[in-house]
Amino acid sequence: MTGVWRWRGNRLRRATDRREAWAALAALLLMVLAAPALGWVCGARTDDSLQESVRAQRAGRHATTAVVVRRSPQGPRPASGPETSSQRSRQTLVVARWRAPDGTKRQGTVPVRSWRTGPGARVELWTDREGRPVPRPMDAATAHAHAVLAGVGTALLAAGAVEAVRQLVVRRMQKTRYDRIDQEWARTGPDWGRTGTGI
């Protein structure tokens, strides 16, 4: 674009050069203004949705203390939920007793991250309204981080799409230019070098 602007008065400048410069300027404006705006909108909507999910999980899940009866013979297993892979690797299955939100006693096999898994150990456990074990609810900071990543990813994808469209437009312009050169050469090529020879 800078080069075209510098030699805009040059007689060798082609109309396609000007169109390519405008296409580059439009793509630049879209990547600098539209792509970040689209990413922000996507991130904001994702954050709203995830924060609503966090509130629903907080309302429907209850923290309680379970008492370990014994370690489960099934051994450790990965657990579902928002924990990281390193936290999942430290989980152990135990048979434990706990109370449901309505006060009824429950017992079952649950994954725990505590290093104290012997009989009588107290471990944190999350349950639903019926007292069934559920994964720990997502916290607001994790939800916000996921929303930020979604917004950044959307902005990068939008910028990449704009650049891909610009490349296609420029390639089409170049093909049209070369087609015209071929047509002109087909008309003048046979007479090349014979002007004024009388042949």
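Tabulated values for the structure
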{"quantity": "Inter-label distance for residue 157 and residue 67, nm, one decimal - labels placed 7 Å from Cα along Cα-to-Cβ", "calculated": "5.1 nm"}
{"quantity": "Förster radius 35 Å - calculated FRET efficiency between residue 146 and residue 183, Cβ distance, rounded to 0.05", "calculated": "0.05"}
{"quantity": "Residue-span extension gain [residue 59 to residue 15] - 0.36 nm each, minus C-alpha spacing", "calculated": "9.4 nm"}
{"quantity": "Computed E for residue 172/residue 44 - FRET, C-beta separation, R0 30 angstrom, nearest 0.05", "calculated": "0.25"}
{"quantity": "The stretch 46-52 - phi-based ³J(HN,Hα) in whole Hz, Karplus 6.51/-1.76/1.60, Gly and Pro as x", "calculated": "5, 5, 4, 5, 5, 5, 5"}
{"quantity": "Paramagnetic label zone (point 7 Å from Cα along Cα-to-C-beta, residue 51; backbone N under 11 Å) in the stretch 127-165", "calculated": "140-141, 144"}
{"quantity": "Sorted by Cβ neighbour density within 10 Å, fewest at the top, the residues 49, 72", "calculated": "49, 72"}
{"quantity": "Net charge, residue 103 excluded, C-beta distance under 13 Å - Lys, Arg +1, Asp, Glu -1", "calculated": "+2"}
{"quantity": "Cut-off 14 Å between beta-carbons: net charge of the residues surrounding residue 39, Lys and Arg +1, Asp and Glu -1", "calculated": "0"}
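Each reported figure results from applying straightforward, stated rules to the coordinates on display, with no laboratory input. What you are looking at is a predicted structure, and each value in this text was computed from that prediction instead of being measured. Virtual Cβ from ideal backbone geometry, glycine too; neighbours counted across all protein chains shown.
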